[in-house]
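Student: The structure under discussion is supplied below as structure tokens; questions concerning it will follow.
The values are calculated or read from the model by the stated rules, or taken from the named source; none is laboratory data. Not measured: the values here are computed from a predicted model. Glycine gets a Cβ as well: all are built from the backbone with ideal geometry, and neighbour counts include every protein chain shown.
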Amino acid sequence: MAAIIARGVQAKSILEVGGGIGHLQIELLEAGATRSVNVELSRGYEETARTLLESEGLLGRVERRLGDFVEEHETIAVADIVLLDKVICCYPWVGRMVDAAAAKTRESMALILPRDHRMAKTLIALENTWHRLRRSGFRGYVHDVGEIDARARAAGMTRVYLDRGPMWQAMIYARSG
């Protein structure tokens, strides 16, 4: 968040894909962004999100949409900043997700996803085994960061920020020019 805010959020619009209750967009709105759209697949966050937005006095500045962002992205307005915080790892078709997000990005796209290495792959595989045992349809994914980078570059963006932790990495891509 500090890297996004440092790049400037004043008077910017936000689109968060899979934003859950919306804590990241709230932080950006409080830092000066004007409005936000949150596209969330799970209905389970809505009541808590509404309560949180009301308590922060931000209800009128956030549009919450339920649905699959990739399937519905054409109906969503372009935003200055697009956030994909731990959402790519929950989606099987990384290319479709990155292409859709890039198409909605006016200035910058920020992503947090698992690192493409053995530890992350092992942990995600263990998590997927647990989900299978519970008969859950959810699966996690460790996608090829090279493909993400290539798709972002093909959309006219350059990676301007990279921070790698032991399991997760954060990246920001910005439009050239």
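Student: Restricting to the range 28-48, name every residue that is touching a Ser or Thr at 6+ places or on another chain (Cβ under 9 Å) and either surrounded by fewer than 20 Cβ atoms within 10 Å (Cβ to Cβ) or among the aliphatic types (A, V, I, L, M) (or both).
Tutor: Those that are touching a Ser or Thr at 6+ places or on another chain (Cβ under 9 Å) and either surrounded by fewer than 20 Cβ atoms within 10 Å (Cβ to Cβ) or among the aliphatic types (A, V, I, L, M) (or both): 28, 29, 33, 34, 35, 37.
Student: Of everything in the range 133-169, what is more than 20 Å from residue 85 (Cβ to Cβ), of a type outside the set (Val, Ile, Thr) and either surrounded by 12 or more Cβ atoms within 10 Å (Cβ to Cβ) or in contact with a Ser or Thr (Cβ under 6 Å, 6 or more places away or on another chain) (or both)? Give them in sequence order.
Tutor: 150, 153, 156
Student: So, one more: Among the residues of the range 14-27, write down those that are in contact with a strand residue (DSSP E or B) (Cβ under 7 Å, 6 or more places away or on another chain) and either more than 18 Å from residue 108 (Cβ to Cβ) or surrounded by fewer than 24 Cβ atoms within 10 Å (Cβ to Cβ) (or both).
Tutor: 18, 20, 22, 24
Student: Is it true that some residue in the range 9-17 is under 20 Å from residue 143 (Cα atoms) and outside any helix (DSSP H, G or I)?
Tutor: Within the range 9-17, one or more residues are under 20 Å from residue 143 (Cα atoms) and outside any helix (DSSP H, G or I).
Student: Report yes if residue 51 is hydroxyl-bearing (Ser, Thr, Tyr), touching a Lys or Arg at 6+ places or on another chain (Cβ under 9 Å) and farther than 24 Å from residue 113 by Cβ, otherwise no.
Tutor: No.
Student: Report yes if residue 7 is touching a Lys or Arg at 6+ places or on another chain (Cβ under 7 Å), charged (D, E, K, R) and either within 29 Å of residue 144 (Cβ to Cβ) or at pLDDT 95 or above (or both), otherwise no.
Tutor: Judged against the criteria, residue 7 is not a match.
Student: Which one of 149, 99, 116 is part of a helix (DSSP H, G or I), among the charged types (D, E, K, R) and over 25 Å from residue 6 (Cβ atoms)?
Tutor: Within the list 149, 99, 116, the selection yields 99.
Student: Now for a separate question. If you take the residues of the range 153-171 that are among the aliphatic types (A, V, I, L, M) and in contact with a helix residue (DSSP H, G or I) (Cβ under 6 Å, 6 or more places away or on another chain), which of them is modelled with the lowest pLDDT?
Tutor: Residue satisfying both the conditions and the ranking: 167.
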